[in-house]
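Reviewing the structure listed below.
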Amino acid sequence: MLGIVADDLTGGAAIAGEIARPGKPVPVLRLQTDGRVESRTLVLETGSRYMPVAQAEQRVVSAVQQLRQAGFTLLMKKIDSTLKGNVAAELAAFAKAVGERLVIVPACPAMHIHVRAGYQWKSGRQGIDIVALVGQALGWAPLSLPLDVVRGGAAAVSAWLRANDCPVIIADTETQNDIRQIVSGARSAGINAYAGVYGLGRALVGLAGKPDMQPPGEASRLVVLVGSTASATVAQVDYLIEQGAVNIAVRVSSLIGDDGERELSRIRREIASATAPVVLVHTDAKSTADSVSRFCQDRGWSDRDLAQALAAPFAEAVRGLPGAGIMIVGGETTGALFDMLAWRGLLVTGEFADSVPIAAPPDAAYPFILTKPGAFGTVSVLQDAAQKMLGARCGWQ
């Protein structure tokens with residue numbers, strides 16, 4: 001029984017997607033300060049990525065306390081694969097809250113993100129010194145588990161961990177098999193607290209391979225809501241438009257300026273008149289990302305603040321297309337939309353692709369919901385999802 005603490009909905013749902021199996025869905029619940037959780041594998045989402053540090057730390061502690069009270073002994077802290085947000089502070093808070101040894105595995109082989117000698121590497125380029133980043137928040141230096149030890153297998157990892165009793169370990173990792181060996185060795189050494197990204201959940205519950213996708217319901221239309229400005233998402237949006245999706249681009253400057261109501265009225269009309277099976281509502285990041293970034297800098301807005309301001313047109317799309325399947329791209333976008341619709345969580349049944357989970361939404365009017373972190377996925381992932389979810393029923397090509 002694994003309890004997972006995640007700082008945003010898409011990340012938490014991604015871990016749920018990789019460990020859900022037919023007949024064994026995984027709930028993703030938004031943290032309630034006075035809430036209680038069931039004794040079943042689940043994700044608690046803290047919504048803390050862009051909160052003030054002290055508030056984020058407290059939410060992590062509250063999540064750990066709720067999981068402990070429910071009887072969870074195996075815990076995982078989900079972090080952002082690109083280390084956005086309060087990663088170091090939340091890891092330090094998690095380490096303190098669990099009160100036992102913690103192994104951090106911040107590599108994501110599915111995204112070509114590796115860790116060598118304590119540094120994150122992405123697509124062959126050296127990035128952040130994770131050991132130093134986490135050490136600054138802890139107030140002391142964690143140890144780095146070397147890759148050559150990992151490649152020695154689970155027994156070598158276990159022996160190294162027994163010989164090095166540092167409370168926090170950051171593991172060098174390049175492949176999914178490395179993650180499996182780290183987890184197997186650490187579990188053998190009696191370690192029950194972990195932190196990492198997509199790929200770690202599967203190793204912690206001992207799963208190999210992926211089952212057939214299990215959508216919780218059927219739909220004849222799909223509404224795709226995109227708030228992410230990640231370059232991967234920009235390319236995915238362009239590709240989906242090329243394939244014939246209805247293209248509704250939010251005029252961000254109007255929405256967050258003086259013409260907000262007029263812009264919402266325009267979006268409502270376009271949604272109402274859309275007849276194609278796939279309706280795309282997006283923030284046109286390719287054209288507006290720079291100007292919106294300057295707007296946010298001038299006002300001291302975080303990504304979370306911006307997402308809250310942009311949630312209204314996405315909510316209009318959902319309300320205007322009852323019965324449609326929903327796909328949301330971007331962690332803060334997902335959280336803001338759930339806030340606006342007063343949705344508390346998801347029941348994840350599986351995954352369509354790496355880090356693209358499929359779930360039953362809180363509102364039964366919608367047959368399924370898919371979420372995707374902005375940085376994940378091939379250029380055709382949105383189109384592929386549309387074809388898989390709708391193709392046989394509506395001729396979407």
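FYI, it's all coordinate maths here, none of it is from the lab. Computed from a predicted structure; not experimentally measured. Cβ placement follows ideal geometry from the backbone for every residue including glycine, while neighbour counts extend to all protein chains displayed.
Taking 10 °C and 1.306 mPa s as conditions, the range 1-118 diffuses translationally at an estimated 110 µm²/s according to Stokes-Einstein applied to its Kirkwood radius (Cα pairs).
Relative contact order of the chain, taken over Cα pairs closer than 8 Å and 6 or more residues apart, is 21 percent. As a proxy for reagent exposure, ASP290, ASP7, ASP172, ASP384 were ordered by neighbouring Cβ count within 10 angstrom, fewest first; the result is ASP290, ASP384, ASP172, ASP7.
Using Cα-only point scatterers and the Debye equation, what is log10 of I(q)/I(0) for the range 1-57 at each q in 0.13, 0.27, 0.30 Å⁻¹, rounded to two decimals? Values, matching the q order: -0.33, -1.11, -1.25. Using the average count of surrounding beta-carbon atoms within 10 Å as a protection proxy, the listed peptides 366-374, 319-327, 292-300, 346-354 rank, highest first, as 366-374, 346-354, 319-327, 292-300. Taking the fewest neighbouring Cβ atoms within 10 Å as the starting point, the ordered list for GLU332, GLU18, GLU261, GLU57 is GLU261, GLU57, GLU18, GLU332. Stokes-Einstein, applied to the Kirkwood radius of the range 83-190 over Cα pairs at a viscosity of 1.306 mPa s and 10 °C, places its translational diffusion at 115 µm² s⁻¹.
The tail of the calculated P(r) for the range 216-346 beyond 18 Å holds 52 percent of all Cα-Cα pairs. Of PHE314, PHE338, the sequence from fewest to most neighbouring Cβ atoms within 10 angstrom is PHE338, PHE314. Here, the range 286-397 yields an orientationally averaged convex hull projection of 7.9 nm² when only Cα atoms define the hull. A Cβ-based charge dipole, computed about the Cα centre of the range 82-194 with Lys and Arg at +1 and Asp and Glu at -1, lands at about 140 debye.
Using the alpha carbons alone, the radius of gyration of the range 2-204 stands to its Kirkwood radius in an Rg to Rh ratio of 0.94.
Among VAL98, LEU222, VAL237, whose Cα lies farthest out toward the positive end of the dipole of the chain, if unit charges sit on the beta carbon of Lys, Arg (+1) and Asp, Glu (-1)? Result: VAL98. With no solvent and one equal point scatterer placed on each C-alpha of the chain, evaluate the Debye formula and give log10 I(q)/I(0) for q = 0.10, 0.12, 0.13 Å⁻¹, two decimals. Values, matching the q order: -0.63, -0.91, -1.06.
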